[in-house]
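The values are calculated or read from the model by the stated rules, or taken from the named source; none is laboratory data. Computed from a predicted model, the values in this text were never measured in an experiment. Quick reminder, even Gly has a Cβ in these numbers, built from the backbone with ideal geometry, and neighbours come from all protein chains shown. Just so you know, the surface numbers come from the protein's heavy atoms only, side chains and all, with ligands and any DNA or RNA stripped out. Shrake-Rupley method; radii C 1.70, N 1.55, O 1.52, S 1.80 Å.
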Amino acid sequence: EDESKRTLNPKLLELHKQFVDMCIDLGVDGIRADVARAKPVEFWDVLIKYSRMRDPEFAWLAETYTHEDASPMINMPADRPDDSLRAGFDSFYGQYHLFSEWRTASEFIDYMKENLDLTYRVDQGKSAIASFASHDDLSPMFHGGAEFCKMIMGLEATMPMTNMYAVDGFQTGDYYTRKYKDIDNEESQTLEYDKEGNLVKKKTMELHYGKMDLFNLSRKPGGTEETIRPFIRDCHALRDKYSDIVGPKGTLIELDKELDKNDQIIAYARHYQGKTLLTIANKNVNRAVACKIKIPTLKPDQKLENLLPSYGHESIFQAAEGELRVDIGPSRVHIFEIDTPNIENYTDKVYKQR
């Protein structure tokens, strides 16, 4: 109502409270706020508290990023996760959708560490969604097909501080390409101005190419890669089985590498109360990559049983004293349970969620 005094518009706030009431009465268990910074933090502070008075478990997800400002609008402030999380949001989008643009494995590891560092600046219990691809992003199928889709789901199974996430259609490899691009449609519901300034129906259909295109009346999402769906199920089952290790209490251990000159091998461990999960993936979608991964206290006789189904080009592993020699196929992800109960005592690259 008064920006200089930071006072809210009571009528607008009341309308939003009524919307929250409607959602709760319908059985909705949470709300995702599009472009969360479109409202000031004082607004969210009041509205989120109101929703929790009616339902203490009502969840709030903020579409807010870390370094970029999506949906830029004039006079709209930059939004950071800290602001939204302090105002009461439980989770935020984050930056994992840039994974396909990150050139190195280190960029992915560094972002996980950055999010863990964020937890020391806000209340406990906050999280990000593993949004490697949202409705605004190009289908992961364009970045490496079904094998790339499986790799990012395998990573989601052990990533810290995240909830697993996939847009509908991902589970079957939808490219989100459709035949109606640039075709005229007499039943158009979209309006535009003609050359004379008159408001008329927009007859030519447009397409958000390669994206879910949720703003158009369209077909049900779905592709032809049925092998992705069962792989996702296995990833969820793995995360459930090892919830103690991959949950908030488990640490993230960054592992050193040798001979990976282009920094393509993602290698990290999750550890809790003497139990260790090892995650290894090849970010390169075109060729196999070989290197040595330093794993403190790993024994040469360590048995390596991949906890995820095999796919694509086979990988080769050879355990040695304190290291694992690998030759990993394109877009392959592997998760192993290894016997390294004291691994945290032999590295200073241990990171933990608050």
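Annotations for the structure displayed:
- Inter-residue pairs, beta-carbon under 8 Å, first at positive phi and in the stretch 4-25, second assigned to a helix (DSSP H, G or I), 6+ apart: ARG6/GLU42
- Among residues of the stretch 86-107 that are surrounded by fewer than 20 Cβ atoms within 10 Å (Cβ to Cβ), those with a Cβ under 9 angstrom from a residue that is of a type in the set (Lys, Arg), sequence gap 6+ or separate chain, pair up as ARG86/ARG121; GLY88/LYS49; GLY88/ARG52; ASP90/LYS126; TRP102/LYS283; ARG103/LYS283; THR104/LYS283.
- For beta carbons closer than 9 Å, sequence separation of 6+ or different chains, a first residue in the stretch 261-275 that is farther than 17 Å from GLN353 by Cα and open to solvent by less than 10 Å² (accessible area, probe 1.4 Å) and a second that is of a type in the set (Val, Ile, Thr) and not in a strand (DSSP E or B), the qualifying pairs are ILE266/ILE109; ALA267/ILE109; ALA267/ILE295.
- Candidates ALA166, ALA146, ALA128: the one that is open to solvent by 10 Å² or more (accessible area, probe 1.4 Å), under 28 Å from LYS352 (Cα atoms) and among the small types (Gly, Ala, Ser) is ALA166.
- Lone qualifier among LYS283, LYS299, LYS294, LYS303 - being surrounded by fewer than 18 Cβ atoms within 10 Å (Cβ to Cβ), within 21 Å of SER106 (Cα to Cα) and either without any contact (Cβ under 8 Å) to a residue 40 or more places away in the chain or out of contact with any Cys (no Cβ under 8 Å at 6 or more places or on another chain) (or both): LYS294
- All strands (runs of 3 or more DSSP E) inside the stretch 297-354 with 1 or more residues being modelled with pLDDT under 95: none
- For GLY197: the one exception among (1) out of contact with any Ser or Thr (no Cβ under 7 Å at 6 or more places or on another chain); (2) farther than 21 Å from PHE142 by Cβ; (3) open to solvent by 50 Å² or more (accessible area, probe 1.4 Å): (3)
- Scope the stretch 177-189; condition modelled with pLDDT under 80 and not charged (D, E, K, R); matching residues: TYR180, SER188, GLN189
- Any hit, the stretch 241-248, residues being under 27 Å from PHE142 (Cα atoms), of a type outside the set (A, V, I, L, M) and without any contact (Cβ under 8 Å) to a residue 60 or more places away in the chain: no
Conditions (1) within 18 Å of the chain's Cα centre (by Cα); (2) at pLDDT below 95; (3) of a type in the set (Ser, Thr, Tyr); (4) closer than 30 Å to LEU98 by Cα, marked per residue:
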residue: MET22; (1), (2), (3), (4): no, no, no, no
residue: ASP25; (1), (2), (3), (4): no, no, no, no
residue: ILE31; (1), (2), (3), (4): yes, no, no, yes
residue: ARG37; (1), (2), (3), (4): no, yes, no, yes
residue: TYR50; (1), (2), (3), (4): no, no, yes, no
residue: PRO56; (1), (2), (3), (4): no, no, no, no
residue: THR64; (1), (2), (3), (4): yes, yes, yes, yes
residue: HIS67; (1), (2), (3), (4): yes, yes, no, yes
residue: ILE74; (1), (2), (3), (4): no, yes, no, yes
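- Of all residues in the stretch 151-172, those satisfying the criterion of being in a loop (DSSP other than H, G, I, E, B) and either among the aromatic types (Phe, Trp, Tyr) or in contact (Cβ under 8 Å) with a residue 60 or more places away in the chain (or both) are ALA157, THR158, MET159, PRO160, MET161, MET164, TYR165, ALA166.
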